[in-house]
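Below is one structure, written out as structure tokens; comments come after it.
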Amino acid sequence: MNKPILGISLLVLSLLVSSCNLFRHAATSTDELPERSAKFLLKKLVQQQVDLEWFSAKARINYADENFSISATANLRMRKDSIIWANVKKLNIEAGRALIRPDSFFVIDRINRQYSRQPVSAITDMFQVPANFQMLQTILLGNPVFLTTDLQAGVEAPFYTLRGEDDRYTTIYHLDGKDYSLQKITFIEKMERREVSMGLSDYKTLGKKQKFAYFRTLRVDSPQTGPLFIEIEFSKLEINTPKSIEFEIPSRYSEIN
């Protein structure tokens with residue numbers, strides 16, 4: 001995949017797979033937290049999951065790795081279990097557009113008049129992390145992703161933790177000690193020595209009950225990618241309002257892989 005297409009792809013995927021090992025706007029109290037069971041904390045996580053039919057927002061994105069960095073703004077639209085759409089702008093000019101379906105991933109490079117189509121599995125190859133449409137949708141909404149079972153509860157003031165482990169993964173969830181909102185998820189892939197850490201903060205209420213994290217950060221570190229960092233700030237959210245999804249590849253554009 002060439003650099004322009006790759007850059008657009010990374011920015012779009014940054015919107016979806018966006019946490020470093022720092023917390024922003026997290027609780028700072030060092031007061032002793034009462035012990036909670038894993039069942040109790042898991043119930044709190046499930047109760048706070050965002051569930052909606054339509055989602056749209058604007059976002060400011062910063063992406064950096066050892067060799068490449070890029071900043072841009074984007075518009076994002078999603079219909080549950082069906083489609084994720086985004087356009088990426090630099091200096092108010094559309095640089096690219098992307099479309100993700102449950103089985104495919106398309107990117108248009110407006111500047112160089114090129115496009116790419118890939119299976120969704122290409123996202124896994126790009127970030128070296130397990131990904132499918134349902135997982136991207138879950139992360140976009142700020143809901144927890146569960147890769148392990150048999151979670152154990154703990155306290156790392158000012159956070160509660162849930163920790164799970166199997167032969168392949170270690171997963172750690174940090175919950176705010178006051179309202180139990182999800183603050184950070186860490187996935188460690190043991191054999192590949194890969195670690196993905198996603199942080200969520202600046203929660204605001206959507207509708208009557210649901211809360212959404214407007215600020216996300218992502219850190220990926222592995223022998224394959226080296227350190228990779230993404231920062232995302234959402235604004236102008238709309239929920240359950242149908243939006244048009246326009247994605248047409250001009251006939252004069254050339255296909256690349």
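The values are calculated or read from the model by the stated rules, or taken from the named source; none is laboratory data. This is a predicted model, so every value here is computed, not measured. Glycine also receives a Cβ, built like all others from the backbone with ideal geometry; neighbour counts cover every protein chain displayed.
Some notes on this structure:
- Some residue of the range 57-79 being among the basic types (Lys, Arg) and over 24 Å from Asn132 (Cα atoms): no
- Leu91 out of contact with any Lys or Arg (no Cβ under 7 Å at 6 or more places or on another chain), surrounded by 15 or more Cβ atoms within 10 Å (Cβ to Cβ) and not basic (Lys, Arg): no
- The range 155-178, subset surrounded by fewer than 15 Cβ atoms within 10 Å (Cβ to Cβ) and over 22 Å from the mean Cα position of the chain (by Cα), residue farthest from Arg36 (Cα to Cα): Asp167
- Wholly enclosed strands (runs of 3 or more DSSP E) of the range 72-112 bearing at least 3 residues small (Gly, Ala, Ser): 93-100
- Of all residue pairs spaced 6 or more apart or on separate chains, those with beta-carbon atoms under 7 Å, a first member in the range 175-197 that is at positive phi and a second member that is of a type in the set (S, T, N, Q) and at pLDDT below 90 are Arg193/Ser222.
- All positions within the range 149-164 that are over 26 Å from Tyr214 (Cα atoms) and in contact with a Lys or Arg (Cβ under 9 Å, 6 or more places away or on another chain): Leu151, Gln152, Ala153, Gly154
- The set of residues from the range 71-125 being charged (D, E, K, R) and over 14 Å from Ile256 (Cα atoms) comprises Arg77, Arg79, Lys80, Asp81, Lys89, Lys90, Glu94, Arg97, Arg101, Asp103, Asp125.
- Selection status of Phe146, part of a loop (DSSP other than H, G, I, E, B), surrounded by fewer than 18 Cβ atoms within 10 Å (Cβ to Cβ) and of a type in the set (Phe, Trp, Tyr): yes
- Among the residues of the range 161-206, those that are under 16 Å from Ile139 (Cα atoms) and small (Gly, Ala, Ser) comprise Ser181, Ser197, Gly199, Ser201.
- Answer residue from the range 129-140, given it is in a loop (DSSP other than H, G, I, E, B) and buried (at least 18 other Cβ atoms within 10 Å of the Cβ) and is modelled with the highest pLDDT among those: Ala131
- Members of the range 207-239 found to be farther than 20 Å from Leu136 by Cα and either in contact with a helix residue (DSSP H, G or I) (Cβ under 8 Å, 6 or more places away or on another chain) or not polar (S, T, N, Q) (or both), listed by number: Gly207, Lys208, Lys209, Pro223, Gly226, Pro227, Lys236
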